[in-house]
1. Could the peptides 165-173, 113-121 be put in order, highest first, of the mean number of other beta-carbon atoms found within 10 Å of their residues?
2. Counting each DSSP H run of 4 or more residues in the chain as -39500 (n - 2.57), what helix-only mean residue ellipticity at 222 nm follows after dividing by all residues, to the nearest 500 deg cm²/dmol?
3. Give me the Debye-computed log₁₀ of I(q)/I(0) at q = 0.11, 0.18 Å⁻¹ for segment 185-305, equal point scatterers on Cα only, no solvent, two decimals.
4. For segment 173-248, how big is Rg over Rh, using alpha carbon atoms and the Kirkwood form of Rh?
5. Ignoring ligands, DNA and RNA, what percent of the accessible area of the chain is carbon or sulfur (1.4 Å)?
6. So which cysteines of the chain have no other cysteine's Cβ under 4.7 Å from theirs?
7. If one computes the Cα centroid of segment 446-483 and of segment 314-338, what distance in Å separates the two points?
8. Could you report the chain's accessible area per residue, 1.4 Å probe, as an integer in Å²?
Amino acid sequence: MRFELDTTLTFSGDIEVAEDDVDRIISIANDDLLRRGVPDQVEDGGAQVKESAIQQDNLSLKIVSDRYVRAHDAVLRLKKRLNQELGREYHVGVRKVKIDHYTIEFELDRGAKEDISLPYVDNIDIDGKRCEINISGLTEEQLSKNYVDRIINRVEEKIKAQYYEGKEEMWELLLKSEEKDMVWKKDPTEVMEEKGWIKRGPTKGKWFYRPEAAKILKTLEEIAVEEVLEPLGFQEVIESMMVPFDVWIDTGHMEGIPNEAYYVSEPVTRNPDEWEDIIDEIKITQKVPLEKLDEMTETPKAGICYAQCPVIYWSLRNETISDESLPILLYESTVPSARYESGGRHGIERVDEFHRIEPVYIGTKEQLVELKENLIDRYRYVFDNILDIEWRMAKVEPFYLQQAGGTEEEEETDLGTVDFEAYLPFKGSRENSEWLEFGNLSIFRKYTEAFNIKSQTEELLSGCTGIGIERWATAFLAQKGLEPKEWPEGFNEYFGEMPEGFDLL
Ligand code: ATP
Ligand code: ZN
Ligand code: MG
């Protein structure tokens, strides 16, 4: 790795008088300050000021370095030293650090398949495994906030992603139920719509559930709570449905799914006088003047819940959990999730607004690995004995984690994610059709780290498991049909009588 930085430090006054001292400070720094942190066995490592020139209150420098003391760190070190020494003697200090030009050269693991561009970067030249990044115009603040390191990481990440394009996600079968007899081969969403149990809309990817369908969904929720969560000691919480961006930055959602999030904007003002114009227009035209509305609403700074776990982690940010309370077992079921599924929308199982119970657990690795086994046992009981469905469980690695270069989770077999999938007979044969992911279960290290959630003694991990109600419903109804008399007894005990509903003419 080679860094070459042309930079200009602007002082609060003329420093031409201090030229000798500046030269002396630089020369000493070259031998010592700019080499600090270099491993002993590396000879001539670190950063070096190769050229310097003074003109009135400006000091121009060319700094060349390796990866041990990167040139952008070296200039900040040098600035501090100059301030200390020249401040005392000449009463001047550095007012501004300007990056005139920054070139970073490094070796890639693999060459790029396509050109790469990035913000804050003039150009990225890739020649085989050699990469050169040219930057001008980063501010001192941006340098000290590690923009350069993140730019380098992003280049490597983008190249990795080029190799993953078109590849399958990692999928490994762990468990499989017995084969079950299927009651029918119809798509339950279509038939429920024909029967008037559900109504499409009012906007895309949403459904209105009339009494019959609502009772099926509510029953599944009840089964999950009573058969899975309560026996294991989960406690219910209620969270906000609007998630500020800083929370999603910390969970990684903001960079992972910005294209699937729904965004929320606030009114610019609550003052009715300022809304008068829009109100007049609505009264007269019976339409919403969208351009005017745009002016009266803020740029979003939050999104609608995508999964409930981020806000649960937020609620514990910087907290220390007492050892007696560990593991903490919580679940949230009041907030719906919104996802812009676009072309992927299908039935009630892939929608833009869905209902899910999300249990979240925080504890030591040992506690969570045991909990995972218990959760799987309870799920298994429900799928086999109450819903009586055909399902399987597989270990998966989400795509975005694969392309981010794998994770620590991947290397520890107990960590990572398993998916629960159900056979949907309306989609084709068991072998050739895609099964439906109707739930998942994960253990992570990254969230307790990101939100600084600690225990009194041991390191904490966390995890969550998604109980997607519409997905459970689709799995059940696609295999068992819509006739209660065909449904398993265990389900009917929870379900009771089918609601009367109503007829529309
Ligand atoms: P998929 O790969 O099917 O899009 P996902 O990996 O995006 O699923 P997760 O983010 O793991 O799903 O969400 C957890 C659970 O939420 C899923 O197991 C599923 O039950 C449910 N779910 C996710 N997206 C939807 C959706 N669009 N409609 C209905 N349920 C959903
Ligand atoms: Zn989650
Ligand atoms: Mg998805």
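1. My ranking of the peptides, most packed first, is 113-121, 165-173.
2. My calculation for the chain gives -9500 deg cm²/dmol from helical runs alone.
3. The Cα Debye sum returns log10 ratios of -0.73, -1.11.
4. Values: Rg = 17.7 Å, Rh = 16.5 Å.
The Rg/Rh ratio comes out at 1.07.
5. The computed percentage sits at 45.
6. Cys131, Cys305
7. 12
8. Normalised by residue count, the accessible surface of the chain is 53 Å².
The values are calculated or read from the model by the stated rules, or taken from the named source; none is laboratory data. Keep in mind it's a predicted model, so treat the numbers as computed, not measured. Note that we place each Cβ from the backbone using ideal geometry, even for glycine, and neighbour counts take in every protein chain shown. The area values use the complete protein model at the heavy-atom level, side chains included, leaving out ligands, DNA and RNA. Shrake-Rupley method; radii C 1.70, N 1.55, O 1.52, S 1.80 Å.
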